[in-house]
Amino acid sequence: MKWSVLSACLLLCSQLCLPPVAVFHPGTLSAESTQIDVVSYRAHIALHPRSRYLEGEATVTLRNVMRSDLLQIVLDLRDLTTDRVEWDGVVLRFSANDTGICIHLDEPLRPLDTMAVTVWYHGTPTSDRDMYSGVKFGPRGAWVHPQSAIERYVAMLPHWLPCNNLFSDKALFDITFDTPEDWKAAGMGTLTHETVHDGRRMTQWVLREPLHPAAAGWAAGTYAVYHDTLRGIPFCAYVWPEWERNAKSHFRTIDSMLAVFQHHFGPYPAEKIGYVLTDSSSCEVHTMILLYKKNLGAAYTLEGHELAHHWWGNCVTPMDVRENWLSEGFAMTGEWLITAALSRVRTFDSILREYTNFYRIVEAPIEGALPLYDFLGAGATYNYSSVIYIKGAIVLNMLRHWMGDEPYRLAIRDYFARYRGMNVSSRMFQGVMEEHIDISLEQFFHQWVYSGGWPMLRVHRLAASPHGGLRLGLEQTQQSDKGWPLFETPVDVEIVTAAGDTLLLRRMLHALGQDQFVFDEVADADVVSWRLDPEGWLLHEARTVTGAGDVAAPPEHPRLEAPYPQPLAKGSAVSFVPMRLPTAGAVTVELQDMLGRRLRTVANGRFDAGTFVLPVSLKGCAAGQYLLLLRSASGSDARIIVVR
């Protein structure tokens, strides 16, 4: 963590109400401490695959950020046994349980002074509550999935290294792995030293930029290694030997991903790009992304998502888990940018439209229409709930529509440049974005970040004078129906005239129960039809109320309803999707991956008007997201099917 006199003063001020000594409570879930700041970790980790056993010697350099002396230091270390603790060659007393270590100092640590404590420990790493996270041993290797979906302490770092397990405590890492000779260790940062002696391989990885605990991990196993350079950045991929000759062709798209992200986000912020295959999980380990081998066939969205985390999450890091949409929402946006860039048929806006409908119709009813900030406090079940992914990216895209494409892109790059290597909050993000726009974003962040829900509109056409413009009355019903706030947002309206012209006009919906849109640009008598949000970027619901003088709604288009079950459990064979057809005609329905590549034809023939249930086979499909695309002469529609 980088320091200055100002940041030190701010931290000291934040601690004024805390006790001067850290208190260790046996049986607590976490020994997280705001009283220390870890500067660096230097460790020797010995892996014994046959016994699934780990031995460690870790030196933790830390600083007292209290205004008072510290007589105890608390570090997280879970399910491992502490053997000895030393400070400058002097053995220290300690107490420990299965969640952490409390180190008792013989001499007090003064405010802002540093010390380096060395801890020796051993054991069999476990994470019984979360089968996907923590240290895992497989038939050909071991790896660390650094994040837990269910453990409230989130980061899995204490399952292999004594640490201060806080999002906000970023530190340097210098890790030497001691493995069997035929194993190769893939770590964070730069490979600085590798030797083989007496049947063991020593591999040292040094990370030179501070990193938070939830992105720290590694993998080791019987890997082959592919090296390259992409846009001047070192690249490596640790793959199973039988996959080595395919590595270059599979990872060829990383160069294009870099170009997209550097254009939208800023310069790549790390010393290398790395990917390593595992037997069970994928995650954004910094500079060495874990990639589940079975995800390799599910297009390139996963590689892009985890790579985007090197900007958002790993480098610009949320203050704590309550702000985690600032990591996952941004990475999801990166995933959609990559999907659009590599697709032959899909645009970013079309992807966004699909996900906006998917979130509102499928995801929100399952987990609740939650706020982005403190989503766990609002009732989310998992640390990585879909609200911070999908709604997070939808909200960023709505902000883009508020600001305009180029002002938004420049503001995002400014935000990254200003807070590179630092911890951030939603308020800090809001502040940067407001500098690039002439209006306050207080209402935007209040309704979309700190509140749940979306506008639910009842829309009707108001009577007009013979030569007056089109007028629409809008009523927001979500406050009485759902308890959600009133929303203020720009709304695009598409108007079709009797002369065949199509106008796209924007009006501001105010945070009022009743509002009006007035369109003096077109006479009411000339309007054939109108519709709200024709591009589908706004998260909302709208219902048209028909009354005297109203123009009939445009004819209904073919529609695919929500798949069932959704998400589809991996190993299940069939999802059922209702299809509504307003008119008879030829219809083609295809299952595609997220790059638009056809996997199979679900339906191809002539259908009568009506509702039909399509069985969609996903046998053999890896975990991921797939697109069901309907085409007909009267229109098209798409649905996302999720396999987990």
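The values are calculated or read from the model by the stated rules, or taken from the named source; none is laboratory data. The structure displayed is predicted, hence computed values, not measured ones. Using ideal geometry, Cβ is built from the backbone for each residue, glycine included, and neighbour counts are taken over all protein chains shown. Surface areas here come from the heavy atoms of the whole protein model, side chains and all, with no ligands, DNA or RNA. Shrake-Rupley method; radii C 1.70, N 1.55, O 1.52, S 1.80 Å.
Structure notes:
- Annotation for R644 and A224: the two label points, set 7 Å from Cα along the Cα-Cβ direction, are 3.6 nm apart.
- Dipole magnitude (debye, nearest 20) for the range 206-265, charges at Cβ of Lys, Arg, Asp, Glu: 100
- Angle in degrees between helix 5-14 and the longest Cα principal axis of the chain, rounded to the nearest 10: 80
- Sorting 370-383, 150-163 by their mean Cβ neighbour count within 10 Å, with the most densely packed peptide first, gives 150-163, 370-383.
- R531 accessible area, assembled protein chains, probe 1.4 Å, Å²: 110
- Here the dipole of the range 185-231 is about 40 debye; that uses its Cα centre as origin and unit charges on the Cβ of Lys and Arg (positive) and Asp and Glu (negative).
- For the range 379-449, the solvent-accessible area works out to 36 Å² per residue, with a probe of 1.4 Å and every protein chain left in place.
- Length-normalised contact order of the chain in % [C-alpha pairs under 8 Å, at least 6 apart]: 8
- Net lengthening on full extension, V518/W402 (0.36 nm per residue, minus Cα-Cα): 39.8 nm
- Sites R413 and S280, calculated FRET efficiency, Cβ-Cβ separation with R0 22 Å, nearest 0.05: 0.05
- Where N is the number of residues in the range 48-161, Cα Rg divided by 2.2 N^0.38 Å: 1.18
- Listed residue (G368, L290, V321) projecting farthest to the positive dipole end of the range 285-370, Cβ model: L290
- Working note: Debye formula, equal point scatterers on the alpha-carbon atoms of the range 199-276, no solvent; log10 I(q)/I(0) at q = 0.12, 0.13, 0.17 Å⁻¹ is -0.43, -0.50, -0.83.
- The Cα center of the range 567-644 and the Cα center of the range 394-415 differ in position by 33 Å.
- Heavy-atom accessible area for Y226, with the other protein chains in place and a 1.4 Å probe, reaches approximately 40 Å².
- Förster radius 30 Å - calculated FRET efficiency between I366 and H510, Cβ distance, rounded to 0.05: 0.45
- Neighbourhood net charge (14 Å Cβ-Cβ; Lys/Arg +1, Asp/Glu -1) for N64: -2
- The label-point distance for E242 and N97, in a model that sets each label 7 Å from Cα toward Cβ, rounds to 4.7 nm.
- Extending 7 Å from the Cα toward the beta-carbon at both H460 and K619 defines two label points whose distance is 5.4 nm.
- Projecting the Cα atoms of G377, I103, I36 onto the charge dipole of the chain (Cβ charges, centred on the Cα centre) puts G377 farthest toward the positive pole.
- Efficiency of FRET from Cβ geometry, R420 and A586, R₀ 41 Å, rounded to 0.05: 0.15
- Between the range 429-479 and the range 87-120, the alpha-carbon center distance in angstrom: 56
- Neighbours of G468, meaning other residues whose beta-carbon lies under 13 angstrom from its beta-carbon, give a summed charge of -2 when Lys and Arg score +1 and Asp and Glu score -1.
- Estimated at 0.36 nm per residue, the fully extended path between R598 and T611 surpasses their Cα-Cα distance by 2.3 nm.
- Counting heavy atoms of the protein chains alone, M398 has an accessible area of about 0 Å² for a 1.4 Å probe.
- Protein-only accessible surface at a 1.4 angstrom probe places the residues H446, H264 in the order H446, H264, largest first.
- Relative intensity, log₁₀ I(q)/I(0), of the range 290-409 from a Debye sum that treats every alpha carbon as a point, q = 0.10, 0.13, 0.21 Å⁻¹: -0.31, -0.53, -1.34
- Farthest positive-ward along the chain dipole, Cα basis, beta-carbon charges - from A340, T82, L591: L591
- Its residue count N sets the reference 2.2 N^0.38 Å, and the alpha-carbon radius of gyration of the chain equals 1.07 times that reference.
- Estimated from helical segments only, the mean residue ellipticity of the chain at 222 nm is -5500 deg cm²/dmol, where each DSSP H run of four or more residues counts as -39500 (n - 2.57).
- Neighbour net charge for L376 - beta-carbon separation under 15 angstrom, K R +1, D E -1: -3
- Pairs of Lys in the chain closer than 16 Å at Cα, counting only those 8 or more apart or on different chains: 8
- Gyration tensor over the Cα atoms of the range 212-324: the corresponding equivalent ellipsoid has semi-axes (square roots of 5 times the eigenvalues, largest first) of 22, 17, 12 Å.
- Computed about its Cα centre, the charge dipole of the chain is approximately 1440 debye, with only Lys, Arg, Asp and Glu carrying charge at their Cβ.
- One chain, two ends: A498 and D198. Fully extended at 0.36 nm per residue, the span grows by 99.4 nm beyond their Cα-Cα distance.
- Nonpolar atom fraction for the range 216-359, defined as the carbon and sulfur part of the 1.4 Å probe accessible area, stands at 50 percent.
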